[in-house]
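FYI, it's all coordinate maths here, none of it is from the lab. Everything quoted here is computed from the prediction, not taken from an experiment. Counting neighbours? That spans all protein chains shown, and the Cβs are built from the backbone with ideal geometry, glycine included.
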Amino acid sequence: MKQLEHTEIQNRIEKFPITIICDAIRTPENLGMCFRVAESFGVSKIYLHERSIDIENRRVQKTSRNTIPQVTYHQYSDFNQIIKQLKIEGNTIIGLEITNTSTPIKYFNFTLFSKLVLVIGSERNGISNLHVLDQSIQIPMYGKNSSMNVIHSLAIALYEITNQLTSS
């Protein structure tokens, strides 16, 4: 067994009808990793708040590993307005958040929806307005800690979503 070099790997290149909204993601490493994870899972688009850290930031660039040009992104100024616009465009808005009504991700059927928006919130405060979500999902935790890093959660969620979409 040997580890393959990047030039030896042929990934199945595919874009999915998945949009990510970063609600108050301001940590440079989290923002850079959001792009890296989104590109890896074929996300179509990312929305960043206009007060998010500049994507030209050195730490954002370093952690993104040159994936920023490969993922379409836009900035927004009003969270509620961008959610409203995306709903009008036929998207289902799903929050990745622990709430009293969240569905464990393994029981959520993503194939029922043609266009998905996955909303991720800040490490400290979560998603700013839960009332605009159509659904919320959570990743079951088995340790004492009740949550994990937002980008780790995003990666797990995108794995489950794309796994369901490619299996159907």
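In the chain, helical runs assigned H by DSSP with n ≥ 4 each contribute -39500 (n - 2.57); averaged across all residues and rounded to the nearest 500, the mean residue ellipticity at 222 nm is -9000 deg cm²/dmol. Every Cα-Cα pair of the chain was included, and the share exceeding 22 Å stands at 42 percent.
Ranked by how many other Cβ atoms sit within 10 Å of their own Cβ, fewest first, the residues S167, S136 fall in the order S167, S136. Scanning the chain for long hydrophobic helices, with DSSP H runs required to stretch 24 angstrom or more by C-alpha along their axis and to average at least 0.5 on the Kyte-Doolittle scale, returns 150-167. Summing Cβ point charges (Lys, Arg +1; Asp, Glu -1) relative to the Cα centre of the chain gives a dipole of roughly 200 debye. Annotation: region 86-128 has a Kirkwood hydrodynamic radius of 11.6 angstrom, from the mean reciprocal C-alpha pair distance. Taking other C-beta atoms within 10 Å as the exposure proxy, R124, R26 rank R124, R26 from fewest upward. Sorting I68, I98 from the fewest to the most surrounding beta carbons within 10 angstrom yields I98, I68.
Straight Cα distances below 20 angstrom link K84 to the aspartates and glutamates D23, E50, E97, D134, with same-chain residues fewer than 8 positions distant left out.
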